[in-house]
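Each remark here refers to the structure printed beneath this line.
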Amino acid sequence: MIPFSGNPLDRVSEKRPDKEWVEARRKDPTSFVLPMWRLQPFLLGNEKGPVEAGFLKPGLCETLAAPDAPSVLLGVEGEHALFALDISAAQDPASEGPLAGLGHFRDMRAAAALLPAKDVAILGQAKAMIDWHQRHGFCARCGAPTALADAGYKRVCGACNTEHFPRTDPVVIMLATHGDACLVGRGKHFPRGMYSALAGFIEPGETIEEAVRRELREEAGVIAGRVTYHATQPWPFPSSLMIGCFAEAKSRDIKVDESELAEAIWLERSTARALINGERVEGLWVPPAIAIAHHLIKAFAET
Ligand SMILES: [Zn+2]
């Protein structure tokens, strides 16, 4: 399972405009509320021990939220409705107030390494949604303040009535292959020795295949033919959808764009397999399993 995928919630989008229903579920004792503080999810348990996703009974954390703080209906699982609530206005909610002693707030990437896959997907959804609300308080059309609507899945401008919807930005991430080797690159700001699949945003007027070929050509001077889709990953940093692809390179010629990459190399399949199996290879490592790049390299290594 690729982290942040496999969200089990029924998103009940048809219920979102029903304010009474949403408000009743918001207070229902069978519902759960996930507090998010400055984009970090709440986890039950202390920082050193085992942790669980911080789904709380309604009524516990609401006093920590500002009056207009975003509250988002994430969806329904069986009898339970799940909400995310932004409590960023609180000063130190893990140490003082109603949550003191119950748990802590953790960086989303770190939390993703500790929790079951289904909770990682739900917390990723919460992170992406609260992040969107924090960045879209004003209308992109006229600049006036916007207000939350549809249980958190819309913002509406108070002046010109333009509706704004949560955004998902498509990114292609691709592994070019040539015979028994795949192309990996090192971004200028990567940790020393880390190589990954190349990636870039899809531009308006471009297909997935065209974006894959363009990015490979621009960043590494690699000319690719056939492009095949592998898998996607929701990536809530802040709102990407990573579209994982393979691309058949026409040769192993490389000409790196030094403004984008420090280096690009062809990685032999046997080396890729060793790295994925966690073996030490001098001066080389690939991203951990939280990243879809890991899964692309793994799929190639295991072919
Ligand atoms: Zn407006």
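Here is how the numbers come out for the structure above:
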read-out	value
Cα pair distances exceeding 17 angstrom across the range 179-297, given as percent	57 percent
Heavy-atom SASA rank of SER251, SER259 (probe 1.4 Å, accessible area, largest first)	SER259, SER251
Value of D in µm² per second that Stokes-Einstein yields for the chain, Kirkwood Rh from Cα pairs, at 4 °C (1.567 mPa s)	61 µm²/s
Residue-level accessible surface for ARG186, protein heavy atoms, 1.4 Å, Å²	50 Å²
Volume per residue that the Cα convex hull of the range 91-242 spans, once the total is divided by residue count, Å³	202 Å³
Anchor LYS255: lysines whose Cα lies under 19 Å away (excluding residues fewer than 8 positions away in-chain)	LYS188
Per DSSP, loop GluC sites (Glu not before Pro) in the range 198-284 with at most 12 further Cβ within 10 Å	GLU258, GLU279, GLU282
Contour minus Cα-Cα distance for ASP107 and TRP285 (0.36 nm per residue)	61.8 nm
Computed P(r) (all Cα pairs; the range 253-292; 5 Å bins; percent)	5, 19, 24, 21, 20, 11, 1
Per-residue [θ]222 nm for the chain (sum of -39500 (n - 2.57) over DSSP H runs n ≥ 4, rounded to 500)	-6500 deg cm²/dmol
Residue among PRO204, PRO145, PRO58 with the largest mean-square fluctuation in a Gaussian network model of the chain, springs linking Cα atoms under 10 Å	PRO204
Unsatisfied cross-links (Cα-Cα over 32 Å) in the set LYS118/LYS250; LYS127/LYS250; LYS19/LYS57	LYS118/LYS250; LYS127/LYS250
GNM flexibility winner over the chain from PRO70, PRO116, PRO238 (Cα, springs under 10 Å)	PRO116
Cα-based shape type of the range 1-58, given that a ≥ b ≥ c are square roots of the gyration tensor eigenvalues and the cut on a/c is 1.5	oblate
Extent along principal axes [Cα atoms of the range 48-151; Å; largest to smallest]	49, 30, 28
Mean separation of Cα contacts under 8 Å (6+ apart) over length of the range 20-105, as relative contact order %	37 percent
Rg/Rh for the range 1-106, where both radii come from Cα atoms and Rh is the Kirkwood radius	0.97
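The values are calculated or read from the model by the stated rules, or taken from the named source; none is laboratory data. These numbers come from a predicted model, not from an experiment. Cβ coordinates were reconstructed from backbone atoms using ideal geometry, including for glycine residues, and neighbour counts include every protein chain displayed. The accessibility values were calculated without ligands, DNA or RNA, using every heavy atom of the protein model including side chains. Shrake-Rupley method; radii C 1.70, N 1.55, O 1.52, S 1.80 Å.
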